[in-house]
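Single-structure report; data block below.
The values are calculated or read from the model by the stated rules, or taken from the named source; none is laboratory data. On a predicted model such as this, the values are computed, not experimentally measured, just so you know. Positions of Cβ are backbone-derived with ideal geometry, glycine not excepted, and every protein chain shown enters the neighbour counts.
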Amino acid sequence: MLNTLPLKYRHAASNKPLAVAHCNYVPLTQLAGYIAESAQKILAVISFGSEEHDIRPLPCLHIKVATPQLDDAKLVEVWTSSAPVLHRQRGGIHYAVSGDMIFGSIRLPESDEATMDTIICTAYRWIFDLLQAEACPHLIRVWNYVPDINSTANGLERYQLFCLGRHQAFSERNQFFEHDLPAATAIGVRQGGLHMHFLAARHAGRQIENPRQVSAFRYPHRYGPRSPSFSRAMLKKWNDGHHLYLSGTASIVGHESCHEGDLDRQLQETLRNIESLLGHAGDTSESRGDYLKTLSSVKIYIRHPHHLSLVKNSLERHFHREMPTMYLQGDICRSDLLLEIEAICHAQGH
Ligand code: 3EB
């Protein structure tokens with residue numbers, strides 16, 4: 001039985017959902033059977049690390065993310081729609097269209113001529129153009145995977161250049177973009193190139209911020225010339241209820257990183273941030289503070305692979321045993337952070 005979060009925020013009645021996007025973690029050994037059963041409904045299959053080599057060519061979008069899985073669970077992520085899916089391509093973007101949603105992926109070559117900010121700005125412009133053309137203009141959730149995210153180029157960290165390019169693309173599209181920012185993840189990868197994938201919809205979601213954290217789009221200047229363009233979470237109404245997409249969340253209180261070098265404290269702080277975010281989105285009158293148990297599709301990005309067992313042991317006390325969870329190696333965008341957690345939460349309320 002799925003735990004759900006009782007909701008405080010709801011959507012206006014004008015949102016007419018036609019379908020629903022679902023994220024499932026499937027053991028690699030069951031993937032073939034899973035696809036045979038629901039091929040027409042699959043938006044995308046996402047494999048992590050070197051697992052792509054164990055997967056035969058698929059009749060749907062296959063997205064390869066370079067972050068290796070750290071435990072031996074060997075899971076693949078499968079996004080399905082309740083409505084039929086069409087697979088398309090436009091320029092460098094491969095995407096699936098279904099009902100009033102789009103799931104897309106773009107891989108970007110880096111060259112000596114173009115800097116990170118230009119590449120990212122161009123990629124977001126392409127994505128916005130595509131979403132406009134397909135009448136699904138609202139980005140709900142974006143995953144950004146950036147090689148060497150913590151290294152420096154042209155006097156700025158590559159993550160700061162990434163933020164610069166992203167901010168440029170968002171701000172030229174819409175002067176009120178800070179009210180319709182997607183939930184996001186931006187993680188450093190040690191293999192593979194620059195890559196992004198996203199979920200977008202015809203009808204807007206609702207942006208949720210975290211009372212414990214300064215909104216990323218309001219971070220002070222010292223973190224980079226342009227602030228990171230993402231919301232802490234996006235609440236989206238589908239035809240089976242509300243889904244809350246939580247951005248990558250780390251040990252940041254206010255705008256400052258906390259507990260440098262202390263893995264367990266960073267983990268506890270991150271969980272407090274997630275509880276605070278869920279509590280803020282949830283109906284506090286009914287709250288019992290057990291919000292972490294309502295999570296599903298959890299990803300834990302760990303900078304140092306040898307931290308896995310400590311993180312896993314600690315999280316087992318907080319999470320449900322059956323909670324779909326992936327442990328991945330990923331570099332967090334601030335070099336003083338050791339881990340980051342993202343998730344999806346199913347919420348009550350229609
Ligand atoms: C933070 O809270 C940690 O730039 O898209 C988390 C999720 C982080 C998304 C992004 C960055 C991003 O600032 C880093």
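Given the structure, is TYR124 in contact with a Cys (Cβ under 6 Å, 6 or more places away or on another chain) and in a helix (DSSP H, G or I)? No, not satisfied.
One residue stands out in the stretch 288-312 among those that are crowded, with 18+ Cβ neighbours inside 10 Å and of a type in the set (S, T, N, Q): the one that is modelled with the highest pLDDT, namely SER297.
Within the stretch 247-285, the set of residues being assigned to a loop (DSSP other than H, G, I, E, B), among the charged types (D, E, K, R) and either touching a His at 6+ places or on another chain (Cβ under 6 Å) or within 16 Å of the ligand (Cβ to nearest atom) (or both) comprises GLU260 only. Which ones in the stretch 176-202 are in a loop (DSSP other than H, G, I, E, B), touching a residue at least 40 places away in the same chain (Cβ under 8 Å) and surrounded by fewer than 20 Cβ atoms within 10 Å (Cβ to Cβ)? Result: ASP180, ARG190, GLN191, GLY192, GLY193, ARG202. Name the single residue that is nearest to the ligand (Cβ to nearest atom) among those in the stretch 313-344 being closer than 21 Å to PRO6 by Cβ and at pLDDT 95 or above. Only one residue tops the list, namely ALA343.
Tell me yes or no: at least one residue of the stretch 229-244 is over 20 Å from HIS318 (Cβ atoms), touching a His at 6+ places or on another chain (Cβ under 8 Å) and either polar (S, T, N, Q) or within 12 Å of the ligand (Cβ to nearest atom) (or both).
Filtering the stretch 229-244 down to residues over 20 Å from HIS318 (Cβ atoms) leaves 229-231, 234-243.
Now drop any that are not touching a His at 6+ places or on another chain (Cβ under 8 Å), which leaves 229, 235-237, 241-243.
Imposing the further condition that a residue be either polar (S, T, N, Q) or within 12 Å of the ligand (Cβ to nearest atom) (or both) reduces the set to 229.
Yes - at least one qualifying residue is present in the stretch 229-244.
Take the conditions more than 16 Å from the ligand (Cβ to nearest atom) and under 18 Å from the mean Cα position of the chain (by Cα) and apply them to THR80. Does it pass? Taking the combined requirement at face value, the residue satisfies it.
Just so you know, in the stretch 14-44 the residues that are closer than 25 Å to PRO305 by Cβ and either under 15 Å from the mean Cα position of the chain (by Cα) or among the hydroxyl-bearing types (Ser, Thr, Tyr) (or both) include one that is surrounded by the fewest Cβ atoms within 10 Å (Cβ to Cβ), and it is THR29. Pairs meeting the criteria (first residue in the stretch 210-229 and touching a residue at least 60 places away in the same chain (Cβ under 8 Å), second residue among the polar types (S, T, N, Q) and within 11 Å of the ligand (Cβ to nearest atom), beta carbons under 6 Å, at least 6 apart or on different chains) are ARG212/ASN273; GLY224/GLN160. Of the residues making up the stretch 212-219, none is surrounded by fewer than 23 Cβ atoms within 10 Å (Cβ to Cβ) and more than 14 Å from the ligand (Cβ to nearest atom).
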